[in-house]
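Inspection log for the structure reproduced underneath, given as structure tokens.
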Amino acid sequence: MSTIEAKYQALSSRLDEAALRTWAAAEARSLGRGGVSMVAKAIGMSRTTIHAGLSELKAAPAALASMRKTPTRPRVRAPGGGRKKLAAKDASLFSDLDALVEPISRGDPMSPLRWTCKSTHRLAVELKAKGHEVTQRTICDLLSQMHFSLQSTRKTREGGKHEDRNAQFSHIAQTVAHYQAAGDPVISVDTT
């Protein structure tokens, strides 16, 4: 095992990808001509990645500071880097999910208190049948973005027609929105 490979084995589990890239670039620079190829061969890292690390080493400290998340923790990737959100790549995902949950959703559509009777697993299966590449976890995230609660209610039979029913739901929705805006939790209990 080469010295470079031994160093890589010692560091690879302790450093993030940006730090490893910078370390590999520093190793390559210290070896001089042919160093990039030697490091790439020893640790299996792409030459392009090592060259990116060399560019980062040459960058001014001000340029590196602009990539930081916080003053003490640097970003691993440049802003906008990483995998794109599934909903951004699949334009019809939200509308297809909404079509699946809307007929069997409960609660006032204008209220933040909505839930669906279908399980996230079942919704994922139905969306896959429509050609979407989704998982149950993705469905949970999407429903949360659509302001659906993932905890269903036990009540399945809605109350009768009372003259103040709409006013009651409007009052509840306004109160809930007020408390949620303040960052407070909300619990809704409906009894008969």
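The values are calculated or read from the model by the stated rules, or taken from the named source; none is laboratory data. Not measured: the values here are computed from a predicted model. With ideal geometry, Cβ positions are generated from the backbone for all residues, glycine too; neighbour counts draw on all protein chains shown.
Just one of the numbered conditions (1) more than 30 Å from Ala91 (Cβ to Cβ); (2) modelled with pLDDT of 85 or more; (3) surrounded by 12 or more Cβ atoms within 10 Å (Cβ to Cβ) is not true of Val186: (2).
Scan the range 1-10 residue by residue and report those that are within 17 Å of Thr49 (Cα to Cα) and not aromatic (Phe, Trp, Tyr). Talk me through it step by step, then tell me what you get.
Filtering the range 1-10 for residues within 17 Å of Thr49 (Cα to Cα) gives 4-5, 8.
Ile4, Glu5 - these are the residues of the range 1-10 that are within 17 Å of Thr49 (Cα to Cα) and not aromatic (Phe, Trp, Tyr).
Against the list (1) within 13 Å of Leu97 (Cβ to Cβ); (2) modelled with pLDDT under 85, the condition Ala173 fails is (1). Considering only residues in the range 72-97 that are part of a helix (DSSP H, G or I) and under 15 Å from the mean Cα position of the chain (by Cα), the one that is modelled with the highest pLDDT turns out to be Lys89.
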